[in-house]
1. Restricting to segment 158-203, and then to whatever is basic (Lys, Arg) and part of a strand (DSSP E or B), can you tell me which residue is nearest to the chain's Cα centre (by Cα)?
2. Please go through segment 169-194 and give me each residue that is of a type in the set (A, V, I, L, M, F, W, C), in contact (Cβ under 8 Å) with a residue 60 or more places away in the chain and touching a Leu at 6+ places or on another chain (Cβ under 8 Å), ordered by number.
3. Within segment 183-199, can one find any residue that is touching a Cys at 6+ places or on another chain (Cβ under 7 Å) and surrounded by 16 or more Cβ atoms within 10 Å (Cβ to Cβ)?
4. All but one of (1) surrounded by 15 or more Cβ atoms within 10 Å (Cβ to Cβ); (2) assigned to a helix (DSSP H, G or I) hold for Val216, so report the exception by its number.
5. Residues in segment 293-305: is at least one at pLDDT below 70 and not basic (Lys, Arg)?
6. Please list, ordered by first then second residue, the pairs with beta carbon atoms under 6 Å, 6 or more apart or interchain, first in segment 66-85 and buried (at least 16 other Cβ atoms within 10 Å of the Cβ), second assigned to a strand (DSSP E or B) and at pLDDT below 95.
7. Could you give me the residue pairs with C-beta distances under 7 Å whose first residue belongs to segment 135-162 and is more than 19 Å from Leu224 (Cβ to Cβ), whose second residue is of a type in the set (A, V, I, L, M, F, W, C) wherever it lies, and which are 6+ apart or on separate chains?
8. Write out, first by first residue and then by second, each pair whose Cβ atoms fall under 7 Å of each other, whose residues are 6+ apart or on separate chains, and whose first residue, in segment 195-206, is under 13 Å from Phe128 (Cβ atoms) while the second is polar (S, T, N, Q) and surrounded by 11 or more Cβ atoms within 10 Å (Cβ to Cβ).
Amino acid sequence: MKAEALGRSAVKYIHSIVNFMVLVVIMLLVAFAGFALWDSDQLYRSADRSNYSIYKPPGEDNSKSFQELQAMNPDVFAWLTVYGTNVDYPVLQGINNMKYLSTNPEGNYSISGSIFLDSENSKDFSDFNSILYGHHMEKRVMFGEIGSFSRKDVFDTHKYGNLFYDGKDHGIEFFKFVHCDGYDSEVFTVNIQEARRQAYLEYLAEKEVNSRDIGVTEEDRIILLSTCSSRTTNGRDILVGRITDEVFEDPFYTEPETNVRQQLFVDSPVRVLDYLINRLPLVIAILVVLIILLILIITYKRKRKKRGNRNG
């Protein structure tokens, strides 16, 4: 009988250890998933345009200046805005096209990188074709919205942008959305010389998904906003515009939010819901961890109570 009782106790003890180890493993997995979600959220937050809006030229009261950002990183030389989107970032140029794939405008390492001009282009945008690169990211950061211009309704309603360089604003008039291969040397050759310009424009027309006729000629200067595409292997989505001396008004302009967190809850319920949904996975992960901890505590207390009743 004594040996049998010892055997039962040993089995219960081993069973308790196994259950505890399983719960610990589950907690670790949930915690890891929660951390991964948190880390991903931090990545998107760090790439959000709001982090750099204080530097946007010409600068507003109580904000930092464009020159301060340039002092932090001399490779900053321009500012790109695509009206009606979250594309509103400083533009940089490195000694090659690798540096700013993983370096932010302040010069720090970042997976989200920066918006940067091809290293072979002139900083004054005097070349016939200048190419800007940026990562395709979710949550509408960096060049994450460029692919949406494949939709005709988006392309038709988002016609203009702004390019600040050499101390003043310049307009961008978008006239084409192109999808091509990332290794297409015909598209990604910069500073096309005069004899090949018409052929270049015709080649872009062959790759176009959407376009509008604004009378672009060989005498114009065009800009290509290029990002990765998930539609094809090594695919690239490119929004093409003409650089002009005429500055266009932003048809989507609204009064700036003085306090984003306060504004969030005085705006429509849709924005509040969107805010919560974007963070729902992280909230769920935290709740799961708390529930598991609560189960462990309740189980532990019940076992202690049962032992107390037996001893009593």
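1. Here the answer is Lys176.
2. Once the filter is applied, which keeps residues that are of a type in the set (A, V, I, L, M, F, W, C), in contact (Cβ under 8 Å) with a residue 60 or more places away in the chain and touching a Leu at 6+ places or on another chain (Cβ under 8 Å), segment 169-194 yields Ile172, Phe174, Phe177, Val178.
3. Taking segment 183-199 and keeping what is touching a Cys at 6+ places or on another chain (Cβ under 7 Å), we get 187.
From the residues that got through so far, the ones that are surrounded by 16 or more Cβ atoms within 10 Å (Cβ to Cβ) too are 187.
Yes; the residues of segment 183-199 include at least one that is touching a Cys at 6+ places or on another chain (Cβ under 7 Å) and surrounded by 16 or more Cβ atoms within 10 Å (Cβ to Cβ).
4. Here Val216 clears every test but (2).
5. So far as segment 293-305 goes, yes, one or more of its residues are at pLDDT below 70 and not basic (Lys, Arg).
6. As it stands, the answer is none, since no pair meets every condition given.
7. So the pair list comes out as Val141/Ala47.
8. Tyr200/Asn129
The values are calculated or read from the model by the stated rules, or taken from the named source; none is laboratory data. From a predicted model like this one, the values you see are computed outputs, not experimental measurements. Cβ sites come from the backbone with ideal geometry, for glycine too, and all protein chains shown count toward neighbours.
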